1. If you check every pair at least six apart or on different chains, which have Cβ atoms under 7 Å apart with a residue in the range A:3-14 that is among the β-branched types (Val, Ile, Thr) first and a residue that is in a helix (DSSP H, G or I) second?
2. Among the residues of the range B:133-155, are any assigned to a helix (DSSP H, G or I), within 30 Å of B:Ala82 (Cα to Cα), in contact with a Ser or Thr (Cβ under 8 Å, 6 or more places away or on another chain) and at pLDDT 90 or above?
3. For the range A:35-58, how many residues are more than 10 Å from B:Val192 (Cβ to Cβ), within 7 Å of chain B (Cβ to nearest Cβ) and part of a loop (DSSP other than H, G, I, E, B)?
4. Among (1) within 14 Å of chain A (Cβ to nearest Cβ); (2) out of contact with any strand residue (DSSP E or B) (no Cβ under 8 Å at 6 or more places or on another chain), there is one condition B:Phe191 misses while meeting the rest; what is its number?
5. In the range A:10-34, which residues are within 11 Å of chain B (Cβ to nearest Cβ), outside any loop (DSSP other than H, G, I, E, B) and touching a Ser or Thr at 6+ places or on another chain (Cβ under 8 Å)?
6. So which of B:Val122, B:Val108, B:Val74 ends up being part of a helix (DSSP H, G or I), closer than 30 Å to B:Ala182 by Cα and in contact with a helix residue (DSSP H, G or I) (Cβ under 8 Å, 6 or more places away or on another chain)?
7. Just name the residue that is farthest from A:His15 (Cα to Cα) out of those in the range A:59-71 that are in contact (Cβ under 8 Å) with a residue 40 or more places away in the chain and not in a loop (DSSP other than H, G, I, E, B).
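The values are calculated or read from the model by the stated rules, or taken from the named source; none is laboratory data. It should be emphasised that the depicted structure is a prediction, and the values quoted were computed from it without experimental measurement. Don't worry about glycine lacking a Cβ; one is built from the backbone with ideal geometry, like all the others, and counts go over all protein chains shown.
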Amino acid sequence: MPIRVRLAVMLAERHVKSKDLAEYVGITEANLSLLKQGKVKGVRFETLERICRFLECQPGDLLRYEDGPRTETDGD
Amino acid sequence: MKSTTTADVPARQDRQRRLRRMRVLSAVMAAACITTSALLTAAMAFYWAATPTRTLLSQAGLADSPATELDGAVRALAFVVAMLPLAALIYGLLSARRCFKAFVAGDVFSRRTIGHLMAFAVAIAASAILKPFAGAVLSALLSASTVTGTKTLAFHIGSDTLIALIFAGTFAIIAWVMTEAADLSDENKQFV
């Protein structure tokens, strides 16, 4: 999928632990890990809002569009 | 720790109330299904054991025939024949019970729950289809066993058969709709 999730980079830059972010957002660490790997179908605005508030960043800092081959899930 | 907007709160409370109602009613329905299954079997056994021969013949469509008393073996055989559509119905009720138990456990959109609902629909249809044939076999059996000189085959298809088939079809469609809902639920689980 050409959308790259940069959450891992943002966490590393801010020296924030996944556990702390997951607790603040109200999702499990397992789901946060899936989100970091870009292995989710979507992100709720509610989740995005909480992540941005915790990391003091913009949604655009977390997501990047990179031109590349479409996967079969892109058309869903 | 999850943020909620003020608009979310009544919607969430409504959902909780709806789920609570569904669980309570499902628990009642599960109990009703098992009780009804037991009562239907007992009533059928009592009917074939205790009903006078003339009444049995009358209800099998052989009212005007002269009759001799039915012996125990014929009554037992008639009970087995009459139990065929009832067994399908009871299987359906037990499938419905499994479905209701799953609802009580909060397992609403799972393939297994939907499978129970589909089994209920198929069992209702099977029972409705078997009923006229069982009736025909019963009329032949009773006339051969009790009526002197005449053999009768009575085949009845009533509005109850058609309504049961429509009922079964409706539940089969609801099960398919629930399959679509389960797919949506699975997809929703992949959103964080």
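1. Hits for this filter: A:Val5/A:Leu35; A:Val5/A:Lys36; A:Val5/A:Leu62.
2. no
3. Qualifying residue count, the range A:35-58: 0.
4. Condition (2) is where B:Phe191 drops out.
5. Listed by number, the residues that qualify are A:Ala22, A:Val25, A:Leu32, A:Ser33.
6. Numbers: B:Val108 fails: part of a helix (DSSP H, G or I); B:Val74 fails: closer than 30 Å to B:Ala182 by Cα.
Answer to the selection: B:Val122.
7. A:Tyr65
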